[in-house]
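See structure below.
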Amino acid sequence: MNTVPLQERDRPPAGWDSALPAMKRPRRSRIGEYLEATLTIVDLEVRKLRHDPTELLTRAVQPVLWLLLFGEVFTRVRGIPTGRLHYLDFMAAGILAQSALFISIFYGISVIWDRDMGILVKFLASPAPRTAQVLGKALAAGMRGMAQAIIVYFLTLLLGVKLNWSPLALLGVLAFVLVGSALFSTFSLLIACLVKTQQRFMGIGQLITMPLFFASNAIYPIALMPAWLQVVSRINPLTYQVDGIRTLMLAGGTSSYGLGLDMGVLMAVAALLILLSGKLYPTIVT
């Protein structure tokens, strides 16, 4: 007769309880650590903004000028065919995307400042994944873009733009602003990793900002462009961001490409740029 107590016979083999969690724990911990590292970077960047919110106020001047001056003038001229949309309504979505673009495209200079102050070396010495650090900065730039969206919404409301106030539409606009800002800020970080100096970065940033803006559907329909520029516009991520924002922001707005394609293009390009920037991120200190 087996004299081993029932509790000992039914007890699993020694070591099984440590082996099974060991197989499962790394996946959960890696994901958790990745998210924690990302959110830590976001928190640090948002704290910078809270300490010095004047950047948002100064950046708000540009959309005000575009909407009040350019928008009002071309609304009276009526020289740009925008279908059934009032020109100021058509332009409002483009100016919102432009405002987020201009904040994001110069975001990479903050990495150069962090390097010059010795902060970046400390981040790179941490075990946090490089892509998590890049993603954190991208999401922080997206939050700055969403702050600009609030300013542009308030201004367009005063100007009588017919807005779509559906909660889902508002969330959709914020999502497009967030992803688009993350995309262009990551592109900015990529440039910063390549040029490595503030002077070169500012020169390249100014060089590419206006072509990105004008080679899109932000202030006029793509149909007005010459054929070669239409091709450029269709590979310009800003075009898809503007199309998504215009569809959701305006009452009765319609999409030229479909919201799924708009968001898909932005997310795919943003993911690619995050991976590339993560690879090049450590080189900025060499």
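The values are calculated or read from the model by the stated rules, or taken from the named source; none is laboratory data. Every value quoted in this text rests on a predicted model; they were computed, and no experiment measured them. As a convention, Cβ positions derive from the backbone with ideal geometry for all residues, glycine included, and neighbour counts pool all protein chains shown.
Worth a mention:
Table: residues versus (1) surrounded by fewer than 10 Cβ atoms within 10 Å (Cβ to Cβ); (2) modelled with pLDDT of 50 or more; (3) not polar (S, T, N, Q).
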| position | (1), (2), (3) |
| --- | --- |
| 1 | yes, no, yes |
| 20 | no, no, yes |
| 37 | no, yes, yes |
| 45 | no, yes, yes |
| 52 | yes, yes, yes |
| 60 | no, yes, yes |
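- Selection status of residue 264, on the phi < 0 side of the Ramachandran plot and buried (at least 18 other Cβ atoms within 10 Å of the Cβ): no
- Residue ranges of helices (runs of 4 or more DSSP H) in the range 224-286 with at least 3 members touching a residue at least 60 places away in the same chain (Cβ under 8 Å): 237-249, 259-280
- Test: residue in the range 74-88 that is modelled with pLDDT of 80 or more, part of a helix (DSSP H, G or I), buried (at least 16 other Cβ atoms within 10 Å of the Cβ) and among the polar types (S, T, N, Q): no
- Enumeration of residues in the range 106-121 that are surrounded by fewer than 24 Cβ atoms within 10 Å (Cβ to Cβ) and either assigned to a helix (DSSP H, G or I) or of a type in the set (Ser, Thr, Tyr) (or both): 109, 110, 112, 113, 114, 115, 116, 119, 120, 121
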